[in-house]
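Encoded as structure tokens, the structure appears first; notes follow it.
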Amino acid sequence: MGGRKTDLAAVSAASPADAAAGIAVALRERYAAAKARRGVWEAHWQECYDHALPQGGGMSRPSTAGERRVDRLFDGTAPDAVDQLAASLMAELTPPWSRWFGLVPGPDLDPGERDGVTALLERIATIVQSHFDRSNFAVEMHQCYLDLVAAGTASLLVEENPPGEPSSLLFTAIPLAEAVLEDGPSGRLDVTFRTVALTLAQLDRRFGCSELPEALRRRGEREPQHRFEVIEAVVPDGPAYRYAVLLDHGDGTPSVLLEGRFGRSPFVNFRWMKAPGESYGRSPVMKALPDIKTANKVVELVLKNASIAVSGIWQADDDGVLNPATIRLVPGAINPRRSVPPA
């Protein structure tokens, strides 16, 4: 961690152009190293999603909207349990029907000051809660709870809505396929890389394209549906967070589209349970996965056995009268045979 931080500080001291290029390369290398470490988890996550949250898609990115994802699932106990636990977390931690947070004066205020501030804090909390209620928080937070139960790690992006929207807050549940995470210097999971593919119009709307190379801009105008690979990076930098948006040109030389600093990270990353020496969390589905796979296999074999019991296994002689290859053992089937005149 310390070496990478020193690299960013060193390149920041160079000329603006060299500094931007150096920061892009340093962040790209750090992202590649973090993604390589994440590779150990991906097969495990995919197995959890396949058996307990098939509609989540797992690590298959990009996935086709509306595709069937339950063809290998024969027992629905685990998906039902995941839904119930995620709903319980929603109801207990962030219920949409009531206020789930409050603001109170700190202990440093004397009683007289506290009485005067309490009413103001209550009014502020009511205003903030109203913005949560009018936003998409409930939908996106529920998806985060599903990811938390299935894979043990979830990420929620908090952004500011443009003026005129019903709420000033915009939330996005980040799929694990897009998130590459690291522990920061304080031990919190606050180093975030997010990979996303955007069209030129989406780049313009979200980041602006003032730094987009002319060749790539022309390609985006010529192919409106072409998607550019973008990496968002949020890295702790002292008491604040460095924010950068990298555009991958496809030749291994990224460029910085946008830079900035945040007092707090816009990504809220959280884990179900953390094992020593690991950055990503472990989930209840991981713990129960052997039982889930066993139940799924048992139901599959029971169904196969029922199919054999109903239709049976038959043997027929190929005597030129009846062709065994064309026999259909289904209700209402007519199996033709050649009529042989008596000798």
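Taking the stretch 224-265 and a reference point 7 angstrom along Cα→Cβ of residue 158, the backbone N atoms nearer than 13 Å belong to 263-265. Rounded to the nearest Hz, the phi-derived 3J(HN,Hα) couplings of the stretch 85-98 under the Karplus curve 6.51 cos²θ - 1.76 cosθ + 1.60 (θ = phi - 60°) are 5, 5, 5, 5, 4, 4, 5, 8, 9, 9, x, x, 8, 8, where x marks glycine and proline. The long axis of helix 111-134 is offset from the longest Cα principal axis of the chain by roughly 40 degrees. Within straight-line reach of residue 35, meaning a Cα separation under 17 Å, sit the following aspartates and glutamates at least 8 residues removed in sequence or on another chain: 178, 182, 183, 190, 229, 232, 248, 278. Each of 311, 230, 131 was placed along the dipole of the chain (beta-carbon charges, centred on the mean Cα), and the one lying farthest toward the positive end is 311. Can you give the angle from 0 to 90° between the axis of helix 2-12 and the longest principal axis of the chain, with both taken from C-alpha atoms, to the nearest 10? On a 0 to 90 degree scale, this one is about 60.
Can you compute the FRET efficiency between residue 100 and residue 205 using 1/(1 + (r/R0)^6), with r the Cβ-Cβ distance and R0 = 35 Å? Round to the nearest 0.05. That pair, residue 100 with residue 205, gives E of 0.65. When the alpha carbon gyration tensor of the chain is reduced to an equivalent ellipsoid, the three semi-axes, largest first, read 51, 30, 20 Å. Quick check on the stretch 128-209: take the gyration tensor over C-alpha atoms, sort the square-rooted eigenvalues as a ≥ b ≥ c, and tell me if it's rounded (a/c under 1.5), prolate or oblate. Cα axes put the stretch 128-209 in the oblate bin. Each Lys and Arg Cβ is given +1 and each Asp and Glu Cβ -1; about its Cα centre, the chain then shows a dipole of about 680 debye. In the chain, the longest principal axis of the Cα atoms and the axis of helix 137-151 are about 60 degrees apart. For the residues 143, 315, 55, a GNM of the chain with alpha-carbon springs under 10 Å puts the largest fluctuation on 315. By its C-alpha gyration tensor, with a ≥ b ≥ c as the square roots of the eigenvalues, how is the stretch 157-258 shaped: rounded for a/c under 1.5, else prolate for a/b larger than b/c, else oblate? Oblate. With a Förster radius of 56 Å applied to the beta-carbon distance between residue 298 and residue 237, the computed FRET efficiency rounds to 0.60. Mean separation of Cα pairs under 8 Å and 6 or more residues apart, divided by the residue count, gives the chain a relative contact order of 16 percent. Look at 314, 41, 272 and count the other Cβ atoms within 10 Å of each Cβ; fewest to most, that gives 314, 41, 272. Placing a label point 7 Å from the Cα of residue 121 along the Cα-to-Cβ line, the residues of the stretch 85-105 whose backbone N sits under 20 Å from it are 99-105.
Given R₀ = 30 Å, what would the calculated FRET efficiency be for residue 278 paired with residue 169, taking r from the Cβ atoms and rounding to 0.05? All intermediate terms of the calculation are to be shown ahead of the outcome.
Numbers: r = 31 Å, r/R0 = 1.04.
Given R0 = 30 Å and the Cβ-Cβ separation, E is 0.45.
Under 1.5 on a/c is rounded, so check that first for the stretch 184-333, then, if it is not, pick prolate when a/b is larger than b/c and oblate when it is not; a ≥ b ≥ c are the square roots of the alpha carbon gyration tensor eigenvalues. All intermediate terms of the calculation are to be shown ahead of the outcome.
On the way: a/c = 5.03, a/b = 1.89, b/c = 2.66.
Oblate.
The ranking of 192, 199 from fewest to most other beta carbons within 10 Å of each one's beta carbon is 199, 192.
About its Cα centre, the stretch 49-163 has a charge dipole of approximately 320 debye under the convention of +1 per Lys or Arg Cβ and -1 per Asp or Glu Cβ, with nothing else charged. Okay, which of the stretch 150-165 sit inside 12 Å, backbone N to the point 7 Å along the Cα-Cβ direction of residue 130? The answer is none.
No value in this document is a laboratory result; all are computed from the given coordinates. Since the structure is predicted, the reported quantities are computational estimates derived from the model, not experimental observations. No Cβ is skipped: glycine too gets one built from the backbone with ideal geometry, and neighbour counts run over all protein chains shown.
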